Amino acid sequence: QVQLVESGGGLVQPGGSLRLACTASGIIFSRYRMGWYRQAPGKQRELVAHITNDYSTNYADSAKGRFTISRDNVWSAVYLQMNSLKPEDTAVYFCNANAYGVPDYWGQGTQVTVSS
């Protein structure tokens, strides 16, 4: 059974930082491209960043320069360091696992709220 479990969300003031973590089980983690997506109320889910199995990264324009995605294949974990947070970063953040020829897997999401 595949499980992706996110953690690290919460309430933070504008300009603050959070580090999200996602641990995976039931997959050969090193074979998957791992990503973070987010969905704000009334909006579609959007890509924040992803990291391939050879550690190449890609960021949404809104995340560039502020967020950093990383992975640890030993611990089957992917992280999202978020700095200089803005109110518009408020959303539910989802972990995603993607590999060729198999369905995507998703975590249950973790809420990030940026507010003073």
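The values are calculated or read from the model by the stated rules, or taken from the named source; none is laboratory data. Since the model is a prediction, treat every value here as computed from it, not as a measurement. Cβ atoms come from the backbone with ideal geometry, glycine included; neighbour counts cover every protein chain shown. Heavy atoms of the whole protein, side chains included, go into the accessibility calculation; ligands, DNA and RNA do not. Shrake-Rupley method; radii C 1.70, N 1.55, O 1.52, S 1.80 Å.
Below is a table of values for the structure above.
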read-out: Subset of segment 1-35 (residues that are in a loop (DSSP other than H, G, I, E, B) and closer than 24 Å to A63 by Cα); value: G8, G9, Q13, P14, G15, G16, S17, Y32
read-out: Search result, residues across segment 60-80 that are of a type in the set (S, T, Y) and either buried (at least 16 other Cβ atoms within 10 Å of the Cβ) or part of a loop (DSSP other than H, G, I, E, B) (or both); value: S62, T68, S76, Y79
read-out: Residue pairs meeting the criteria (Cβ under 7 Å; at least 6 apart or on separate chains; first surrounded by 14 or more Cβ atoms within 10 Å (Cβ to Cβ), in segment 27-45; second among the hydroxyl-bearing types (S, T, Y) and part of a loop (DSSP other than H, G, I, E, B)); value: F29/S76; R33/T52; A40/T90
read-out: Selection count where residues are among the small types (G, A, S) and open to solvent by 40 Å² or more (accessible area, probe 1.4 Å), scope segment 1-26; value: 5
read-out: Residue selected from segment 100-116 under the condition small (G, A, S) and closer than 21 Å to M34 by Cα, by the criterion surrounded by the fewest Cβ atoms within 10 Å (Cβ to Cβ); value: G101
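Here's the yes/no breakdown for (1) out of contact with any His (no Cβ under 6 Å at 6 or more places or on another chain); (2) without any contact (Cβ under 8 Å) to a residue 40 or more places away in the chain; (3) open to solvent by 60 Å² or more (accessible area, probe 1.4 Å):
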{"site": "H50", "(1), (2), (3)": "yes, no, no"}
{"site": "Y55", "(1), (2), (3)": "yes, yes, yes"}
{"site": "N58", "(1), (2), (3)": "no, yes, yes"}
{"site": "M82", "(1), (2), (3)": "yes, no, no"}
{"site": "K86", "(1), (2), (3)": "yes, no, yes"}
{"site": "V92", "(1), (2), (3)": "yes, no, no"}
{"site": "N98", "(1), (2), (3)": "yes, no, no"}
